[in-house]
Amino acid sequence: MSHNCSNTISFDLCYPFDARGVAKRFRHAAIFGALDALNPGETMSFVNDHDPLPLLAQLTQRYGEGITINYVAREPDNIAINFTRR
């Protein structure tokens, strides 16, 4: 039996990404990899323990108008952001 990860589709086209479970030195690379894997119209539902302002600047520089960034929650120790590929 074979498995093709590229065929995994969420019914609502929204995929969770909890950065708190990723080692800090790997986080940005993992986030970029996850966003690169999204198709237009798909969303990564991102959760973190701090507001990733430097990351947001990098995402804006890398993707420009190709991504939308929408905060869902913006409280201390509870940051949730939806990143949607255009």
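The requirement of being of a type in the set (S, T, N, Q), farther than 13 Å from Phe17 by Cβ and at pLDDT 95 or above is fulfilled somewhere in region 64-72, by at least one residue. So for region 6-19 (the condition being among the charged types (D, E, K, R) and within 13 Å of Ala80 (Cα to Cα)), does at least one residue qualify? Yes, the conditions are met somewhere in region 6-19.
Matching residues to (1) over 9 Å from the mean Cα position of the chain (by Cα); (2) at pLDDT below 95:
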position	(1), (2)
Cys5	yes, yes
Ile9	yes, yes
Leu13	yes, yes
Val22	yes, no
Ile31	no, no
Phe46	no, no
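Given the criteria exposed (fewer than 15 other Cβ atoms within 10 Å of the Cβ) and more than 24 Å from Asp12 (Cα to Cα), does Asp36 qualify? Spelling it out, it is not the case that Asp36 is exposed (fewer than 15 other Cβ atoms within 10 Å of the Cβ) and more than 24 Å from Asp12 (Cα to Cα). For beta carbons closer than 7 Å, sequence separation of 6+ or different chains, a first residue in region 20-42 that is under 16 Å from Glu65 (Cα atoms) and a second that is of a type outside the set (Val, Ile, Thr) and at pLDDT below 95, the qualifying pairs are Gly41/Leu13; Glu42/Leu13.
The values are calculated or read from the model by the stated rules, or taken from the named source; none is laboratory data. Keep in mind that what you see is a predicted model, and the values were worked out from it rather than measured. Every residue, glycine among them, receives a Cβ derived from its backbone with ideal geometry; neighbour counts consider all protein chains shown.
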